[in-house]
1. Only Cα pairs within less than 10 Å get springs; with that Gaussian network setup on chain A, which residue of A:SER169, A:SER69, A:SER41 has the largest fluctuation?
2. Rounded to the nearest 10 degrees, what's the angle between the helix C:167-183 long axis and the longest principal axis of chain C, both from Cα atoms, 0 to 90?
3. How crowded by other chains is C:162-172, given as the mean number of beta carbons from other chains within 10 Å of each beta carbon?
4. Considering the alpha-carbon set of the protein assembly as shown alone, what are its Rg and its Dmax in angstrom?
5. Helix-only mean residue ellipticity at 222 nm, chain D, DSSP H runs n ≥ 4 weighted -39,500 (n - 2.57), per residue, nearest 500. What is it?
6. May I ask you to report, in nm to one decimal and beginning with the shortest, the distances from A:LYS47 to the same position in the other copies, taking label points 7 Å along Cα-to-Cβ?
7. Any chance you could get the radius of gyration and Dmax over the Cα atoms of the range C:92-174, in Å?
8. When the Karplus curve 6.51 cos²θ - 1.76 cosθ + 1.60 is applied with θ = phi - 60°, which whole-Hz ³J(HN,Hα) does each residue of the range B:101-117 get, with x for Gly and Pro?
4 protein chains.
Amino acid sequence: MSEDEVLLQQLFEDDKLTEKQKKIILAAIESFSEKGYAATSTSEIAKKAGVAEGTIFRHYKTKKELLVSIVAPLMAKLIGPFIVNDFHKVLDHPYEHVEDFLRAAIQNRSDIIKKMLPVIKIMMQEIPFQPELREQFLEQVARKTFDRILLVIKEYQDKGQLIEMPTLSAARLAISSIFGYLISRYIFFPDSEWDDELEIERTVQFIMHGLSQR
Amino acid sequence: MSEDEVLLQQLFEDDKLTEKQKKIILAAIESFSEKGYAATSTSEIAKKAGVAEGTIFRHYKTKKELLVSIVAPLMAKLIGPFIVNDFHKVLDHPYEHVEDFLRAAIQNRSDIIKKMLPVIKIMMQEIPFQPELREQFLEQVARKTFDRILLVIKEYQDKGQLIEMPTLSAARLAISSIFGYLISRYIFFPDSEWDDELEIERTVQFIMHGLSQR
Amino acid sequence: MSEDEVLLQQLFEDDKLTEKQKKIILAAIESFSEKGYAATSTSEIAKKAGVAEGTIFRHYKTKKELLVSIVAPLMAKLIGPFIVNDFHKVLDHPYEHVEDFLRAAIQNRSDIIKKMLPVIKIMMQEIPFQPELREQFLEQVARKTFDRILLVIKEYQDKGQLIEMPTLSAARLAISSIFGYLISRYIFFPDSEWDDELEIERTVQFIMHGLSQR
Amino acid sequence: MSEDEVLLQQLFEDDKLTEKQKKIILAAIESFSEKGYAATSTSEIAKKAGVAEGTIFRHYKTKKELLVSIVAPLMAKLIGPFIVNDFHKVLDHPYEHVEDFLRAAIQNRSDIIKKMLPVIKIMMQEIPFQPELREQFLEQVARKTFDRILLVIKEYQDKGQLIEMPTLSAARLAISSIFGYLISRYIFFPDSEWDDELEIERTVQFIMHGLSQR
DNA sequence: AATGAATGAGATTTCATTCAT
DNA sequence: TATGAATGAAATCTCATTCAT
């Protein structure tokens, strides 16, 4: 199974896609992430996918629907692991220490980001301009994730492992550090040599010291 | 002097702009930041500026030239304070402690971001797609800024105020925290109530503890 | 038997239509009469008929063939009663007086129009644009009907019941009045309260006085 | 001044039209009336007008707006003469007898129809399908005209010149006859030899006898 | 017979840019 | 300098029709 097919499988698990539909989606992802949604023409996508232009519109009523159909399932994937893995483990106490939780969280996100990079780029680019996406993102991803992050931080604050500070501020600082790593790693300098384990450890330690009881 | 005029003055200090040109630029900034460069039509800008379509092309040969003429001066402004104020002060030792430097750096950036927010949005959106802008950004902003940040970190590491760690990693962690604050403050939740001084202090302390000698 | 089935039976007496074909025809009649032939898409008809797009083209080679297959049988129906009932009766003298003939004629037409209203709308709309239909209409409907009307008028003129005037002019005036009633009744104001018998009588009397010997 | 220019002048009296706009309108009228609105493509209009396709959309935001801009002024023209000439004359009593009024009314409409024939065809074709036009027609043309016709009939009924009968029915019968003549004359058989004066007189007499006191 | 994915020609519409005034 | 009509290339989208299943 090719790398592209893995991506498709991950994003569109259950959906039955025709061969042409798959080609359209892959072509769209490539073009959207390279040139941006607005600057990509449907004729270009059709050509890249080796498909007639009309075929695109048989499957997606509008160009925007194509965009949404690509980005929306990503959002589900992004919260998935949080809900399924991380938090349950935290609340069921398999992570005695914050550090363990942090390491797992970063690692988890890291895997997805690596695979979905182009789609994530599209999502980040288009969220400010597509109200439909923004709303989905805020309601499904941001709120759910954030709520749980706050819970987890509270949990560790109660255990005395984290400094007393408004949970919102603590969350902001921790999340910034994590995303700072991921963005540097996969978006700004994907081509540098990275000792991932070490950098993750540094990030974890940074957060730990920054937020721990002094 | 209206807020818009302040923006123009800050961005186009010495340039002599006709009245129409000012209106065009303000209209373009508004539309570009709301809908994106590619999704904004010149006719829309003309209408918003109260100007004939042709007039835009009298001043800017192409639509892209208009974009560049807006974003390029921002870049100059962004490095300006670094070079002129912060670093000189550091190298001339007016900031004895890292914290003082950090506070000043955040404050400085904060002021500019507040004023230039729409233009910054445009810049961030378009850098990935406009090679011209990307190059300018990397060479003029990123490199220069980064070089100096590294210098400063080294300086404080040598003073023993900062933990031993590759300067690049330290820089990444510090910068992430600062940008995390700025982005949360001005982009994600501009409408929340913010106690700026307190949050800046928290961010500074977070970085300090995260990076200080243990 | 539903109203739709009555319509189909009347239009396609002997033809054997499959279930799908019936649905297609009813859907086409509805859409064509509501939005016009050119503005109706085959996909829309297919959806309304609950049928695959391809199925339409299995039964009708082209969209126009579908139109013709609907309108053509109507034309046969329209001349039918004229030939079969009215005129024979006139020529066989069961209608001693013009008035009786007129009453019967209007009543006859009235029934058909009521049932076939949507198809008649389609016919009237498309005759100007479809040479095929126009020719059929002129040769089969208009000429035959008109010839017989002229005969009948001549008959009553000879009896001295109608004023001397070119039969063509007399025909025009009588036909205008009849169609004026039918159009008002069924197309312009179908929703008003109509005392049909009274209005038909008024129309008959109007024609009688207008055309009778003075 | 060519015949076309007369048409334009009559329809668009005060509007300032560019040369290209005039060509577009004339081409549109020709095509719409020949093939119908829906079956006419804008590219066809552009070609016939000797204009770039974009030019059409510079002046009319949509194809439908072009249609409306052609048909709407016709409606004004159609009621114009009624209001300005006929009725005032009736109510100011220059027409002592119904016949004189009828003759004038037919004559008046006749002139306009002759000139505006293609536009009238378009109007009649599209009124059933364009709610915008239908509404305009009903509110501006039908209602105003009808109200005044009713007034006039009442006036002559009161004078004892017309039979007692619901004014609505009387109106229907009279109008049918008039339109029957106009439609026969200009739409069905424009190419036959017509002795207009005689046929108008016949129509008038027909209505008179049909509706007069017996 | 029936389906519905696929097509490609063409329809409507948009838009950056030009140019005569 | 400013205008805005005009352009034509290209963008999005529609649709009648075909064809493999």
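1. A:SER169
2. On a 0 to 90 degree scale, this one is about 50.
3. On the way: counts 0, 4, 0, 3, 3, 0, 4, 7, 2, 1, 12.
Mean partner-chain Cβ count within 10 Å for C:162-172: 3.
4. Looking at the protein assembly as shown, its Cα Rg and Dmax stand at 40.2, 130 Å.
5. Numbers: 11 runs with 147 residues, N = 214.
Calculated mean residue ellipticity at 222 nm is -22000 deg cm²/dmol.
6. 2.5, 3.1, 3.1
7. Over the range C:92-174's Cα set, Rg and Dmax evaluate to 15.2, 42 Å.
8. Values per residue, Gly and Pro as x: 4, 4, 3, 4, 4, 4, 4, 4, 4, 4, 4, 4, 4, 3, 6, 9, 2 Hz.
Taken together, the values in this text are just the output of simple stated rules run on the coordinates, not laboratory data. Note that this is a predicted model, so its numbers are computed, not measured. Because the Cβ atoms are built from the backbone with ideal geometry, glycine has one as well, and the counts that use them run over all protein chains shown.
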